[in-house]
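Visitor: Submitted below is the structure of interest, expressed as C-alpha cells.
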Amino acid sequence: MKIALCLEYPLGLRGGVGIIVENLAAQLAQCGHKIILVSPDSPETLRPVESARFFDEHIYWNPQKYSISNAKNLAQQLVASKVDIAHFHAGGNYGWSNRFPFHSPIYYVSRAGISTLWTSHRAESLLDGFCGPQKPLLFKLMLLPIAWLGKLQQVWSSRFEIAVSQDNFKKIRRWYWPCRSRFVQIYHSRLHDGAGVHENTGREPIILCVGHFAEIKGQAVLVEAFIRIAQRYPQFTLALAGQLASDGTSERIEKMILEYRLEKRVFLLGERMDTHTWMQRAAVYVQPSLNEAFGLALQEAMFYGCAVIGSRVGGIPELIRDNQTGILVAPGNVVELSAALERYIQDPQLAGQCGAAAAASIREHGMTVETMTAKHLELYERAAGKV
C-alpha cells in the first residue's frame, strides 16, 4: 500500500505527535509499504530528522492557508501520487480546518476515492479547539453548531477515527453520536518490544516530571507539593524536563524556586532527548496534569520501572492502577500529591513493588510501537477493503 501520513505541524519540531508519526512511518516502511509525508516541513527542517529516509515523497502543506481550493489541491496531489490511504493526525479534536464544513481536505480526499483515517491526539472538551480558549463562553456556544457540523462531516469522511485512550474514545463517541460506529481506540507508544527490562535497584533520590511547561500539565502544582516536603527530605531533588512555555508557568515556578531557596534542589532541565536515562535513574516519576489525553511520558516512565504518581484525569487511570502500579491523586491537589510523594519516600519497598508492577503492566498490555503499528495496519487494510 501507499500511505500518506498527514501532519499540521512540521515533523522537524519533534513534538509528541511527530515522534509517534516517525515511529509509525519507520515500522510501515519496514513492512514494505510506501510512505508519503504531508506536512509544513521545509527541506531544512526535514534534513536532521532521521526518519525522513522512510518517506518516498514529501508534499508541502501550509496550515496557514486553509481554503476550499487548497483543500481540493491537496486531494489532487494525493490522487496524482496514487495514494491508497491518507491518515490525518490532529493535535486535538479539531484540526485541518474541520471546524468549518467543506473546508477540510479530508472531505475532498475521501470524495476522490482515497480511504481516509483520522487520529485525534487529544479530546478535552466539546467546546475546546474550534476557537481561541480566551473567547467568552457565549461566543463558543454560538459557534459550536457550525463547528459540530464541520467535525461531523470530517468524521463521516473518515473510514475510521482513532482515539488514543478509552477516556477520549468514550467522549468523542458521545459528542458525535451520529457517527459513533466510526470511532476506534489504539494506544500510542514510542517504546519497542526489544527494549530490556530495567531493574529498580540503584535508583537515585530524584523526583522527575517530563512534559512541555504549561498550566494544564501541572508542573507548578508539583513544585508546590515538593516545597511542602523538601525540608524533611533534604536528599531528594526535583527535575522538570520539557520545553518552556509562554503562558507564565515557567516564570511562576522560577519565582517559587527563588522564594523558597531551592536553586540547588529544583532543576529546570529544558527540552531533553535523553529523558529515558532520567527515567532509569529517578526514584519517582510524577504526571501532575490537570488534563491529559493519555500520557506518553508516564507510559515510558512506567516501562522503565519508575514508581509513578498521576492525576486522576483523562487516560492516566488507564495506565495506573491505584496502589498497584502507582498512586492516583486528585488533579491540582497539592496536599494529596505531597502525601503520595512521602509514601514512596518513606517506603522504598512500596516504590520498588509499584515500579516493577508498572513495567510489567506496560508489557502485558502491549503498549509498544510494534503493537501500535500492527493495529494501524489492520485498520488500513480494512479501510482499503482488503479485509
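Visitor: Among the residues in region 114-129, are any under 24 Å from the mean Cα position of the chain (by Cα), surrounded by 22 or more Cβ atoms within 10 Å (Cβ to Cβ), outside any helix (DSSP H, G or I) and β-branched (Val, Ile, Thr)?
Guide: Yes: region 114-129 contains one or more residues that are under 24 Å from the mean Cα position of the chain (by Cα), surrounded by 22 or more Cβ atoms within 10 Å (Cβ to Cβ), outside any helix (DSSP H, G or I) and β-branched (Val, Ile, Thr).
Visitor: Follow-up. Just to check your reading of the model, which residue among ARG190, ARG173 is at pLDDT below 95 and of a type in the set (Lys, Arg)?
Guide: Of ARG190, ARG173, the one residue that is at pLDDT below 95 and of a type in the set (Lys, Arg) is ARG190.
Visitor: Tell me which of these SER110 doesn't satisfy, since it passes every other one: (1) under 19 Å from the mean Cα position of the chain (by Cα); (2) in contact (Cβ under 8 Å) with a residue 24 or more places away in the chain; (3) part of a helix (DSSP H, G or I); (4) over 30 Å from ALA282 (Cβ atoms).
Guide: SER110 satisfies all of (1) under 19 Å from the mean Cα position of the chain (by Cα); (2) in contact (Cβ under 8 Å) with a residue 24 or more places away in the chain; (3) part of a helix (DSSP H, G or I); (4) over 30 Å from ALA282 (Cβ atoms) except (1).
Visitor: Is it the case, given these coordinates, that ILE327 is closer than 15 Å to MET367 by Cβ and either in the same structural domain as SER125 (by TED's automatic domain parsing) or crowded, with 21+ Cβ neighbours inside 10 Å (or both)?
Guide: Spelling it out, it is not the case that ILE327 is closer than 15 Å to MET367 by Cβ and either in the same structural domain as SER125 (by TED's automatic domain parsing) or crowded, with 21+ Cβ neighbours inside 10 Å (or both).
Visitor: Go through region 198-251 and give me each residue that's surrounded by fewer than 16 Cβ atoms within 10 Å (Cβ to Cβ), under 16 Å from SER338 (Cβ atoms) and polar (S, T, N, Q).
Guide: GLN231
Visitor: Let me ask another. Checking VAL184 against (1) over 24 Å from the mean Cα position of the chain (by Cα); (2) at pLDDT 95 or above: exactly one of these is not met. Which one?
Guide: The single condition VAL184 does not satisfy is (1).
Visitor: Looking at region 282-310, I want the residues that are over 19 Å from ALA360 (Cβ atoms) and have a partner that is acidic (Asp, Glu) and outside any helix (DSSP H, G or I) with Cβ atoms under 8 Å, at least 6 apart or on another chain. Which pairs are those?
Guide: From residues that are over 19 Å from ALA360 (Cβ atoms), the pairs are ASN291/GLU124; ALA293/GLU124.
Visitor: Has region 71-88 got at least one residue that is under 19 Å from the mean Cα position of the chain (by Cα), in contact (Cβ under 8 Å) with a residue 12 or more places away in the chain and not in a loop (DSSP other than H, G, I, E, B)?
Guide: Checked against the condition, which is being under 19 Å from the mean Cα position of the chain (by Cα), in contact (Cβ under 8 Å) with a residue 12 or more places away in the chain and not in a loop (DSSP other than H, G, I, E, B), region 71-88 yields at least one hit.
Visitor: Determine the pairs where a residue that is over 22 Å from TRP96 (Cα atoms), located within region 36-60, has a partner that is basic (Lys, Arg) and surrounded by 12 or more Cβ atoms within 10 Å (Cβ to Cβ) with Cβ atoms under 7 Å apart, the partner being 6 or more residues away or on another chain.
Guide: ASP56/LYS34
Visitor: Need pairs with beta-carbon distance below 8 Å; first residue outside the structural domain of GLN134 (by TED's automatic domain parsing) and within 13 Å of PHE226 (Cβ to Cβ) and within region 247-262, second loosely packed, with under 13 Cβ neighbours inside 10 Å and modelled with pLDDT of 90 or more; sequence gap 6+ or separate chains.
Guide: Correct list of pairs: ILE257/GLU263.
Visitor: Looking at ILE162 and the list (1) surrounded by 15 or more Cβ atoms within 10 Å (Cβ to Cβ); (2) without any contact (Cβ under 8 Å) to a residue 60 or more places away in the chain; (3) not acidic (Asp, Glu), which single condition is not satisfied?
Guide: Failing condition for ILE162: (2).
Visitor: Also, quick follow-up: Could you pull out the residue among LEU337, LEU379 that is surrounded by 15 or more Cβ atoms within 10 Å (Cβ to Cβ), under 27 Å from the mean Cα position of the chain (by Cα) and not assigned by TED's automatic domain parsing to the domain that holds ALA230?
Guide: On the way: LEU337 fails: not assigned by TED's automatic domain parsing to the domain that holds ALA230.
Criteria check complete, one pass: LEU379.
Visitor: For region 1-57, name all the residues that are part of a loop (DSSP other than H, G, I, E, B) and among the hydroxyl-bearing types (Ser, Thr, Tyr).
Guide: Selection gives TYR9, SER42.
Visitor: A follow-up question, please. Which of (1) more than 15 Å from CYS306 (Cβ to Cβ); (2) modelled with pLDDT under 95 is the odd one out, the single condition ALA230 does not satisfy?
Guide: It fails just one condition, (2).
The values are calculated or read from the model by the stated rules, or taken from the named source; none is laboratory data. The structure displayed is predicted, hence computed values, not measured ones. Heads up, the Cβs are rebuilt from the backbone with ideal geometry, glycines too, and the neighbour counts pull from every protein chain shown.
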